[in-house]
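Structure, as structure tokens:
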Amino acid sequence: MTRSRLLLILAAALAVVLSLTVIACGSSSSSSPDEDLPAIAATVHIADGRFDPRDLDIEVGGTVMWINDDVASHDLQFIDTPKLYSGVMEPTKSWIHTFDRVGTYEYYCEFHNTLKGTVVVHAAP
Ligand SMILES: [Cu+2]
């Protein structure tokens, strides 16, 4: 084997190692935001003036994400737990809540009081 051929092989090997390093760094940095978020048990879209789905059934400890896909701002006020409030959700904004207690949680939008939904939180099997 000539010296130049050996150098070529070494250069190729180095290029492979460098490209693998870039791929590894890229994937680890793109996955890090997910680590801050809990797993989402269910997603509710707000669109066309309604919650979709309107009624949810999740297991205790589950996290629900609401996404405002509407052109108007909305909020979520929970009826039996007044402290549970989403704040104003402008279009494209989302809000998540983790339900730590079994129960039936009815909520509505304070801006549009015909906009209602329910989350039923049942015990883990
Ligand atoms: Cu609303």
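The values are calculated or read from the model by the stated rules, or taken from the named source; none is laboratory data. All figures in this text were calculated on a predicted structure; none of them were measured in a lab. Every residue, glycine among them, receives a Cβ derived from its backbone with ideal geometry; neighbour counts consider all protein chains shown.
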Just to be sure, is GLY117 surrounded by 11 or more Cβ atoms within 10 Å (Cβ to Cβ) and modelled with pLDDT of 95 or more? yes
Give GLU90, GLU110 a once-over and let me know the one that is among the acidic types (Asp, Glu), within 10 Å of the ligand (Cβ to nearest atom) and in the same structural domain as ILE46 (by TED's automatic domain parsing). GLU110
How many residues of region 48-85 are more than 15 Å from ASN113 (Cβ to Cβ), under 17 Å from the mean Cα position of the chain (by Cα) and not acidic (Asp, Glu)? The answer is 11
For region 66-75, does any single residue satisfy the condition of being out of contact with any His (no Cβ under 9 Å at 6 or more places or on another chain) and more than 12 Å from the ligand (Cβ to nearest atom)? no
The lone condition PHE99 fails out of (1) away from the ligand (no atom under 13 Å from the Cβ); (2) free of Cβ contacts under 8 Å to residues at least 40 places away in the same chain; (3) crowded, with 16+ Cβ neighbours inside 10 Å is (2)
In region 104-114, anything exposed (fewer than 14 other Cβ atoms within 10 Å of the Cβ) and assigned to a strand (DSSP E or B) is listed as THR104
